[in-house]
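Beneath this line is the structure, given in structure tokens, with notes to follow.
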Amino acid sequence: MYQEVINYLESIDPVVAALYATLFTWFLTALGASVVFFFRDMNRAVLDGMLGFTGGVMVAASYWSLLSPAIDMSEGEGFIKVIPAAVGFLLGAMFLFGLDKLLPHMHINFKETEGVKSPWQRTTLLVLAITLHNIPEGLAVGVLFGGVAAGIPEATIAGAVTLAIGIGIQNFPEGIAVSMPMRRMGLSRRKSFMYGQSSALVEPVAGVVGALAVSFFTPILPYALAFAAGAMIFVVVEEVIPETQQDKNTDIATMGFIGGFIVMMTLDVALG
């Protein structure tokens, strides 16, 4: 099945393949959000463990799928070779830092509101918070497919598909992390689901934009890969990990992080 998917994606336009891959990651977010139809609430320890898992996947993907290929495809030796990755990584982190300061959003615990002041409802602010997470994820998948379109040897369909699988897996708990708090607030199951899945709709958009940008301007690929990595690491350190430390489930969250890192590392090495 996996090889059949690879063969099919190799036979179509890489930008279209990026769209399909990011629609898959959105679908798994929607699948996670659909849990709200079966449960009204979820144990906080379980949620923290899943969020830790999400962080582990994102950190592993940032290195194995993004930074390492960015360094490998950069020219030169020593300090010169790592400059594109370092610059791209910094720009990605600064991009998310700027969005974090400007875009109104609220954390899952409903205790903190960030960004500029806004009259928007808490539900909207929570969706925007998770949407911030999903921008670099969609971008990461897209730029890998864009590298394939540009004919870069280090960028492969298998690597892009593996990254999409890893991001899709960690999107499942993200869907739960949006829909469940909204159900607890008293929203209907249908509305909770719709809010949960909508947080990942930005991924196909970011994926296509990333693929088009790289396919039209090949030299930016190392910078684009590192940019996505920097944005993802910013999300993990600024949002995901602190969220898992709000209650007394730090050990569960930490082991979830370790598990997520191992899963993504294994997928990338074995399949990518």
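Okay, here's what the table says:
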item	result
Anisotropy class of the stretch 40-105 from Cα gyration tensor, a/c 1.5 cut	oblate
Qualifying aspartates and glutamates (Cα of each under 15 Å from Cα of LYS248; at least 8 residues distant if same chain)	ASP48
For the stretch 170-191 and the stretch 1-34, distance of Cα centres in Å	24
Virtual spin-label span in nm between LEU102 and GLU10, 7 Å along Cα→Cβ	4.2
Neighbourhood net charge (13 Å Cβ-Cβ; Lys/Arg +1, Asp/Glu -1) for PHE24	-2
At R0 = 35 Å, FRET efficiency that the Cβ-Cβ distance of SER188 and VAL237 yields, to 0.05	0.50
Apportionment of accessible area to carbon and sulfur, the chain, percent (1.4 Å)	70
Accessible area per residue in Å² at 1.4 Å probe, computed on the chain	44
Net lengthening on full extension, ASP247/PHE27 (0.36 nm per residue, minus Cα-Cα)	76.3 nm
Prolate/oblate/rounded label for the stretch 125-263 (Cα gyration tensor, a/c 1.5)	prolate
Over the stretch 4-62, volume per residue of the alpha carbon convex hull, in Å³	109
3J(HN,Hα) from dihedral phi, the stretch 246-251, Karplus parametrisation 6.51/-1.76/1.60, rounded to Hz, x for glycine, proline	6, 10, 9, 10, 4, 5
Rounded, prolate or oblate (a/c below 1.5 giving rounded, otherwise prolate when a/b exceeds b/c) for the stretch 219-272 by Cα gyration tensor	oblate
Value at 222 nm in deg cm²/dmol, rounded to 500, when DSSP H runs of n ≥ 4 in the chain each add -39,500 (n - 2.57)	-24500 deg cm²/dmol
Rounded Å value of the spacing that divides the Cα centres of the stretch 53-86 and the stretch 229-250	20
Neighbour-limited loop hits for GluC sites (Glu not before Pro), the stretch 10-85 (at most 14 other Cβ within 10 Å; DSSP other than H, G, I, E, B)	GLU75, GLU77
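The values are calculated or read from the model by the stated rules, or taken from the named source; none is laboratory data. Given the structure is predicted, the values throughout are model-derived calculations rather than measurements. Here Cβ is always computed from backbone atoms with ideal geometry, including for glycine, and neighbour counts include all displayed protein chains. Accessible surface is based on the protein model in full, side chains and every heavy atom, while ligands, DNA and RNA are left aside. Shrake-Rupley method; radii C 1.70, N 1.55, O 1.52, S 1.80 Å.
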